[in-house]
Amino acid sequence: MDFKNSDTIPGPRTEDHLPHTAQAAVKIVIVGGFGVGKTTMVGSVSEIRPLTTEETMTQAGIGVDDNYGSESKTATTVAMDFGRISITDQLVLYLFGTPGQERFWFLWNGLFEGALGAVVLIDTRRLEVSFDVMGRLEERGVPFVVAVNSFPDAPRYPIEELRTALDLSPEIPIIECDARRRASSRDVLMTLMRFLHSLAMSGALT
Amino acid sequence: MTPPQRKRRRPRPELAPPPLPSVPPTPESGGEDGDNKNPERLYVISGADGARAELDLVTLIVARAAPPPSVTPEQAALLRLCLAPLSVAELSAYLNLPFSAMTALITELITAELVQARAPIVRQALPDRSLLEAVMHGLQKL
């Protein structure tokens with residue numbers, strides 16, 4: 001805890017303060033099912049300990065959740081973990097982990113708006129969880145890459161077999177990773193950035 | 001062993017991302033008409049140029065002044081937190097308030113000219129390659 005915040009509210013540690021020159025932020029979203037390693041990935045590359053922001057179901061999401069009957073009767077609160085990487089003295093990157101299931105899509109309104117892109121993190125033991133997510137990202141025009149978090153006991157498929165199963169076009173990168181490792185998670189983010197860059201070069205980014 | 005096969009859903013035009021509204025929705029009109037309107041969005045006046053700015057999870061908030069006696073304890077806590085720039089998401093985490101509550105709180109502080117909001121860089125139709133390259137360069141240093 002920071003001594004300078006003598007209040008009851010704990011703030012960022014002094015070493016976690018952004019410089020006053022920080023002018024703007026960008027965001028990347030990591031999306032996947034529960035337990036797939038989103039928070040692990042955020043934590044492995046974040047310069048701050050991952051923080052949690054809670055989002056409450058609001059009117060915006062009722063239309064979505066109404067399809068799920070009883071759940072719509074109570075307010076839904078979902079926690080999103082996020083981390084931060086200082087890119088330059090002026091620019092900050094935020095990484096948000098968000099659940100991919102359709103009933104959490106109400107979170108997506110403010111989250112994907114303006115995001116540079118997304119990482120769909122998948123576990124080959126529960127591949128189906130990611131199907132709807134990818135469809136939704138395609139509909140929203142959010143560019144994404146697919147990262148396979150390699151759990152030791154998960155079935156391993158050749159990448160091209162996964163590409164066929166996921167019905168992904170050839171240009172969308174699919175890479176294996178170990179979300180616990182900083183270098184591996186960074187490589188996933190680099191893969192996304194290179195993909196975005198190639199889209200920018202070809203003028204296909206919309 | 002073969003992985004399960006994804007079946008693409010039929011394109012559903014009504015699920016296309018809503019266009020950014022050119023006119024900020026008023027509280028009266030925000031909830032009722034039109035599926036494209038998002039009632040939780042708040043539009044605020046930015047101090048510098050009078051242009052309307054929208055608060056994002058990654059909008060950076062910086063205090064412009066020490067908390068005056070007139071502010072609420074929550075606002076005072078927020079002002080102390082953002083002596084150095086902090087994103088709305090971080091403020092939400094530290095104050096343990098949901099994003100929707102944060103936007104209301106911050107909007108009041110912007111109106112009172114007690115904080116400054118630094119808008120995020122959003123993905124655009126005309127992508128900024130130098131921005132992508134800067135991010136890549138920053139990631140390589142990790």
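The values are calculated or read from the model by the stated rules, or taken from the named source; none is laboratory data. This one's a predicted model, so the numbers in the text were calculated from it and none came from an experiment. With ideal geometry, Cβ positions are generated from the backbone for all residues, glycine too; neighbour counts draw on all protein chains shown.
Does at least one position in the range A:142-157 carry a residue that is surrounded by fewer than 20 Cβ atoms within 10 Å (Cβ to Cβ) and aromatic (F, W, Y)? Among the residues of the range A:142-157, at least one is surrounded by fewer than 20 Cβ atoms within 10 Å (Cβ to Cβ) and aromatic (F, W, Y), which makes the answer yes.
The rows are residues; the columns are (1) part of a strand (DSSP E or B); (2) at the interface with chain B (Cβ under 10 Å from one of its Cβ atoms); (3) of a type in the set (F, W, Y).
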site	(1), (2), (3)
A:T98	yes, no, no
A:F106	no, yes, yes
A:L111	no, yes, no
A:L127	no, yes, no
A:R136	no, yes, no
A:V142	no, yes, no
A:A147	yes, no, no
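Beta carbons closer than 6 Å, at least 6 apart along the sequence or on distinct chains, pair a first residue in the range A:183-202 that is more than 7 Å from chain B (Cβ to nearest Cβ) with a second that is in a helix (DSSP H, G or I) and modelled with pLDDT of 95 or more for A:S185/A:M41; A:S185/A:S44; A:S185/A:V45. One residue stands out in the range A:32-46 among those that are surrounded by fewer than 23 Cβ atoms within 10 Å (Cβ to Cβ) and outside any helix (DSSP H, G or I): the one that is modelled with the highest pLDDT, namely A:S46.
Those strands (runs of 3 or more DSSP E) of the range B:38-142 in which 1 or more residues are at pLDDT below 90 and more than 9 Å from chain A (Cβ to nearest Cβ) occupy B:43-45, B:52-54. Taking the range A:150-162 as the range and being at the interface with another protein chain (Cβ under 10 Å from one of its Cβ atoms) and under 22 Å from the mean Cα position of the chain (by Cα) as the test, only A:L162 passes. Taken over the range A:47-78, the criterion of being more than 10 Å from every other protein chain (Cβ to nearest Cβ) and either at pLDDT 90 or above or under 23 Å from A:G11 (Cβ atoms) (or both) is satisfied by A:R49 alone.
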